[in-house]
Amino acid sequence: MRRQTTPSPGGLVDKNTKGKRAREVPLIDGIRDLVNRRIDLARRDPDARLFTGPRGGRISTATLRDATSWDDVVTELGYEHLKRHGLRHTGLTWMADAGVPLHSLRKIAGHGTLTTTQRYLNPRDRQSLTNAGELLSRHLWSPNGPQLRVVQ
């Protein structure tokens, strides 16, 4: 993502993202085909957008809120305090809990430093420690690992 659409006093404006840098974002299997089809369509039209609003226009924060019925959904679930930006925070935390290395999370989030990324995360302490031990064990005993032998 290199550009974003934001509301301004004169209407919608396209501008650089906050970090002003392009980044790669991992896709889960459930949406990979959809995104690839949208990319193929966008390649045919240089002015095309990867995703559009419900009436074919640009997606702004207001369009996204309305198209997803965000306010109604969070109210019905009893999470009125939940903000869409919190989903970004949750996604990064889940990736950290899944064992995605911090330097990869930094790239995904578009952060300039690891310190910024660390402030973003709230890993479950006990689970993240357990995961770290499991990851190390798998590495140590894998064919690509250091080939340790148990001494009796």
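The values are calculated or read from the model by the stated rules, or taken from the named source; none is laboratory data. Because the structure is predicted, anything quoted here is derived from the model rather than measured. Virtual Cβ from ideal backbone geometry, glycine too; neighbours counted across all protein chains shown.
So which helices (runs of 4 or more DSSP H) stay within the range 19-108 end to end and still have 3 or more residues that are within 13 Å of the chain's Cα centre (by Cα) and of a type in the set (A, V, I, L, M)? Write out each step before concluding.
Numbers: elements: 29-44, 61-67, 70-77, 84-97.
Qualifying helices (runs of 4 or more DSSP H): 84-97.
Here are some conditions: (1) closer than 23 Å to G110 by Cβ; (2) modelled with pLDDT of 75 or more; (3) surrounded by 11 or more Cβ atoms within 10 Å (Cβ to Cβ). R23 meets all but one. Which one does it not meet?
Result: R23 passes all but (2).
Return the pair list, or none, for Cβ contacts closer than 9 Å from residues in the range 129-140 that are over 17 Å from A96 (Cα atoms) to residues that are outside any helix (DSSP H, G or I) and of a type in the set (G, A, S), at least 6 apart or on different chains.
Pairs that qualify, where the first residue is over 17 Å from A96 (Cα atoms) and the partner is outside any helix (DSSP H, G or I) and of a type in the set (G, A, S), are R138/G145; H139/G145.
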